[in-house]
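Following: one structure in structure tokens, then a few remarks.
The values are calculated or read from the model by the stated rules, or taken from the named source; none is laboratory data. Remember, it's a predicted structure, so these values are computed and weren't measured experimentally. Using ideal geometry, Cβ is built from the backbone for each residue, glycine included, and neighbour counts are taken over all protein chains shown. Ligands, DNA and RNA are excluded from the accessible area calculation, which covers all protein heavy atoms including side chains. Shrake-Rupley method; radii C 1.70, N 1.55, O 1.52, S 1.80 Å.
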Amino acid sequence: IAYDAPVQLKFTNAIQVAASDAPAAVKAAADLVCTGDDDQITINLGFTLGLKVELSSGNFYNAGSINMTGVGGPGGKDGAALIGQGMGADILPLWGGSAPTIIHHNAAGSAIRLGNTSGSPRPVGQRLEHFLLQGNPAATLAVEIIDGSQWTIDDVFIAGFTKSGSYA
């Protein structure tokens, strides 16, 4: 993603990221729009701009990790959150909530990394909410917890990873 100038944020309480297959109106309202290829780059940019990244409904295709670990921005801070629009019958009527939010992790390694890679300070209260995290045979870890405490993982469905569970 090219990022030469400051992003004019459309919303102040969350960085809104639209999927490449989101409706045109959702993309127009978003702070950032994914391409459908290496979407973790755009999502990670969202964490450099703010603590809360809200994903539209639609499909996000990642070839690397979503880092909530402070790599390149405030993701390793207290209260960092990655929030989708829900799954199935539980789709939220928030922003672009007409279809589920699905994050496809198409690479080896961790899909999402929580905590702080520097080990200090230890972040408190990081959250994952309302999406499907879909792996493939190469995908190993769904959620890797590096450091921190009081995480919340709510309404997150995980499927298709070679190791089960979350790792701390």
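If you filter region 10-31 down to residues that are under 19 Å from the mean Cα position of the chain (by Cα) and exposed (fewer than 14 other Cβ atoms within 10 Å of the Cβ), you find that the one that is modelled with the highest pLDDT is ASN13.
Looking only at region 133-153, how many residues end up being open to solvent by 30 Å² or more (accessible area, probe 1.4 Å) and at pLDDT 90 or above? Residues flagged as open to solvent by 30 Å² or more (accessible area, probe 1.4 Å) and at pLDDT 90 or above within region 133-153 amount to 1. Among the residues of region 126-155, the ones that are assigned to a strand (DSSP E or B) and among the β-branched types (Val, Ile, Thr) come to 4 in all. The residue that is modelled with the highest pLDDT, among those in region 92-106 that are in contact with a strand residue (DSSP E or B) (Cβ under 7 Å, 6 or more places away or on another chain) and part of a loop (DSSP other than H, G, I, E, B), is ASN106.
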